[in-house]
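*Asks:* Supplied in structure tokens, the structure appears directly below.
The values are calculated or read from the model by the stated rules, or taken from the named source; none is laboratory data. Note that this is a predicted model, so its numbers are computed, not measured. With ideal geometry, Cβ positions are generated from the backbone for all residues, glycine too; neighbour counts draw on all protein chains shown.
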Amino acid sequence: MLNIYNTAARQKQPFQPLKENQVGLYVCGMTVYDFCHVGHARVSVVFDMVVRYLRYLDYSVHYVRNITDVDDKIINRAKENDETWQALTERFITAMHEDEAKLGVMRPDEEPRATDYMAEMIDMIEGLMEKGAAYQGETGDIYFAVKACPHYGAFMQQDVEQLRVGARVDLVEAKLDPLDFVLWKLAKPGEPSWESPWGEGRPGWHIECSAMSLHCLGKQFDLHGGGIDLCFPHHQNEIAQSDTYNDTQTVNGWMHVGHVQVNQEKMSKSLGNFFTLREVLKQYPAEVIRYFMLASHYRSPVNYAEDHLESAKQALTRFYLALRDVEAKAPDELLDGDFDRRFHEAMGDDFNTPEVMAVLFDLTRKINTLHQEGEAAKASQHAGLLKHLAGILGFLQDDPSTFLRADIDDQDEAQAIEALVKVRDEARENKDWSQADAIRDTLLAKGIVLEDNDQGTRWRKGDSGCDPQC
Ligand SMILES: [Zn+2]
């Protein structure tokens, strides 16, 4: 049983797709004028996790995430850089794909770009005008008439009159109602523009998503997602346009991902308190960032702080230490401890990944205990289960040694460590304990931990501050 929190209903609801075993999912994607920051990456990782789990449950998922490749920010940035908007957006789309691939984010099935859907947007605007839900203002721009949508405001339980008072502050004279919003704006000189029945111009932001979701997923689809900050006005306005045009409730369930915060403030480009994914990927292995994003519930805000990433690294170190010591084999029978059931119960409860991580830690403890007790076969099967369950969320698939030595990307340094470990092994064979200890201390000072066992000595990077047996 899968329950998903629907923002529109303000509660968790049993997930029932419109068509049996098929899921249509639309997520509002990036406006590509800069590198992705950690807040964008969280939305990508969360929906990647959702899609992976739905596919694991055997749903055939059609995942669409748009790319906004024309808007004021893009036009201004291209001007500042003295490059074309096409060159700018192409560059940042490539960068987004590169960064996401490192995080293990699978590409959506479709990534429609706004500029490829001008005809569909114009059709939709014309349809809305025919229905009396859109009009041309005095300045020539086309607006959506909010009065044509009786349930406007219901999505976020907002009082329309109050919204109207708020919108009066920056009222554009050409609008009939302060809440009306632009569907098509006429081009200013030098701006990119497209032909339309109302003259050269470009679309408003909201109409993009209504037109592209209709084209890619049809008049009704199962899930629509995005960051929590998109609820108003973007998603409210999408609902108004789509439901009016399609004559139906277009979206069945709305999923929103909480903010990434820095010092309790939302991370955003406009506040200037953002970290690009690129910067963070230079400091931490990609899997640590992915784990950090999945370790908290997707709807809660998360604070981005170095010690949280360090904790994520320690958590992964614990998992990988358990997997390093035991050969992971797929279990051939249901294992004690109910790990499978608890995992799926947590995932079925609105993708409760913090609870999932607690289950995986219990499983890791079990592997360590079995290993210590010499129950090699059972330990192997539990390790296989850990790898399998974590794999559903897209992590813990690396070779343990690769992860545990992750910061040693310099081949020469790794070889130097290997050489010292060898000298120390010889010293130990010759019972030259003082030399063996001296080498251990030298490596420890460099953050290299040595572990001696029957087969010899192994090394790994950094002490996680965590007992391998915990
Ligand atoms: Zn959107």
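*Asks:* I'm trying to understand the selection: among the residues of segment 337-369, which are in contact (Cβ under 8 Å) with a residue 60 or more places away in the chain and assigned to a loop (DSSP other than H, G, I, E, B)?
*Replies:* Answer for segment 337-369, where residues must be in contact (Cβ under 8 Å) with a residue 60 or more places away in the chain and assigned to a loop (DSSP other than H, G, I, E, B): Asp350, Phe351.
*Asks:* Name the one entry in Val257, Val251, Val326, Val288 that is touching a residue at least 24 places away in the same chain (Cβ under 8 Å), in contact with a helix residue (DSSP H, G or I) (Cβ under 6 Å, 6 or more places away or on another chain) and within 16 Å of the ligand (Cβ to nearest atom).
*Replies:* Answer to the check: Val257.
*Asks:* Also, quick follow-up: Answer yes or no: is there a residue in segment 242-250 that is of a type in the set (Ser, Thr, Tyr) and surrounded by fewer than 19 Cβ atoms within 10 Å (Cβ to Cβ).
*Replies:* yes
*Asks:* Restricting to segment 272-326, give me the number of residues that are touching a Pro at 6+ places or on another chain (Cβ under 8 Å), under 30 Å from Arg10 (Cα atoms) and aromatic (Phe, Trp, Tyr).
*Replies:* Of the residues in that region, 0 qualify.
*Asks:* If you don't mind, there's one more thing I want to ask. When you check Gly127 against the structure, is it more than 16 Å from the ligand (Cβ to nearest atom), in contact (Cβ under 8 Å) with a residue 40 or more places away in the chain and farther than 21 Å from Ile228 by Cα, yes or no?
*Replies:* It is true that Gly127 is more than 16 Å from the ligand (Cβ to nearest atom), in contact (Cβ under 8 Å) with a residue 40 or more places away in the chain and farther than 21 Å from Ile228 by Cα.
*Asks:* Under the condition of being surrounded by 18 or more Cβ atoms within 10 Å (Cβ to Cβ) and in a loop (DSSP other than H, G, I, E, B), which residue from segment 298-326 is modelled with the highest pLDDT?
*Replies:* Top of the filtered list is Tyr298.
*Asks:* Sticking with this one: When you check Ala41 against the structure, is it more than 30 Å from Asp349 (Cα to Cα) and of a type in the set (Gly, Ala, Ser), yes or no? Break it down stepwise before answering.
*Replies:* Details: more than 30 Å from Asp349 (Cα to Cα): no; of a type in the set (Gly, Ala, Ser): yes.
When the stated conditions are applied, Ala41 does not pass them.
*Asks:* Can you tell me which condition Leu334 does not meet? The list is (1) part of a loop (DSSP other than H, G, I, E, B); (2) buried (at least 20 other Cβ atoms within 10 Å of the Cβ); (3) without any contact (Cβ under 8 Å) to a residue 40 or more places away in the chain, and all the others hold.
*Replies:* (2)
*Asks:* Name the single residue that is surrounded by the most Cβ atoms within 10 Å (Cβ to Cβ) among those in segment 69-84 being of a type in the set (Lys, Arg) and under 16 Å from Met30 (Cα atoms).
*Replies:* Among them, the one singled out is Arg77.
*Asks:* Considering only segment 137-170, state which residues are among the small types (Gly, Ala, Ser), closer than 25 Å to Met121 by Cβ and not in a loop (DSSP other than H, G, I, E, B).
*Replies:* Hits for segment 137-170 are Ala148, Ala167.
*Asks:* Would you check if Trp184 is under 29 Å from Met255 (Cα atoms), hydrophobic (A, V, I, L, M, F, W, C) and within 13 Å of the ligand (Cβ to nearest atom)?
*Replies:* No; evaluated as a whole, the condition is false for this residue.
*Asks:* Taking Leu88 and the conditions (1) under 22 Å from Glu279 (Cα atoms); (2) buried (at least 22 other Cβ atoms within 10 Å of the Cβ), which numbered condition does it fall short on, given that it satisfies the others?
*Replies:* Condition not satisfied by Leu88: (2).
*Asks:* Being within 16 Å of the ligand (Cβ to nearest atom), in contact with a Phe, Trp or Tyr (Cβ under 6 Å, 6 or more places away or on another chain), of a type in the set (A, V, I, L, M, F, W, C) and farther than 21 Å from Gln22 by Cα is the requirement here; does Ile67 meet it?
*Replies:* The answer is no for Ile67.
*Asks:* Has segment 250-267 got any residue that is at pLDDT below 95, more than 16 Å from the chain's Cα centre (by Cα) and of a type in the set (A, V, I, L, M, F, W, C)?
*Replies:* There is at least one residue in segment 250-267 that is at pLDDT below 95, more than 16 Å from the chain's Cα centre (by Cα) and of a type in the set (A, V, I, L, M, F, W, C).
*Asks:* Could you list, in sequence order, all residues of segment 426-442 that are surrounded by 12 or more Cβ atoms within 10 Å (Cβ to Cβ) and either of a type in the set (S, T, N, Q) or touching a strand residue (DSSP E or B) at 6+ places or on another chain (Cβ under 6 Å) (or both)?
*Replies:* Of everything in segment 426-442, those that are surrounded by 12 or more Cβ atoms within 10 Å (Cβ to Cβ) and either of a type in the set (S, T, N, Q) or touching a strand residue (DSSP E or B) at 6+ places or on another chain (Cβ under 6 Å) (or both) turn out to be Gln435, Arg440, Thr442.
*Asks:* Here's something else I'd like to know. Run down Ser213, Ser242 and say which single residue is within 16 Å of the ligand (Cβ to nearest atom), farther than 28 Å from Asn352 by Cα and at pLDDT 95 or above.
*Replies:* Ser242
Let's see how each residue does on (1) over 27 Å from the mean Cα position of the chain (by Cα); (2) within 13 Å of the ligand (Cβ to nearest atom); (3) among the charged types (D, E, K, R):
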{"position": "Pro189", "(1), (2), (3)": "yes, no, no"}
{"position": "Pro192", "(1), (2), (3)": "yes, no, no"}
{"position": "Pro197", "(1), (2), (3)": "yes, no, no"}
{"position": "Gly204", "(1), (2), (3)": "no, yes, no"}
{"position": "Cys209", "(1), (2), (3)": "no, yes, no"}
{"position": "Phe221", "(1), (2), (3)": "no, no, no"}
{"position": "His224", "(1), (2), (3)": "no, yes, no"}
{"position": "Gly227", "(1), (2), (3)": "no, yes, no"}
{"position": "Cys231", "(1), (2), (3)": "no, yes, no"}
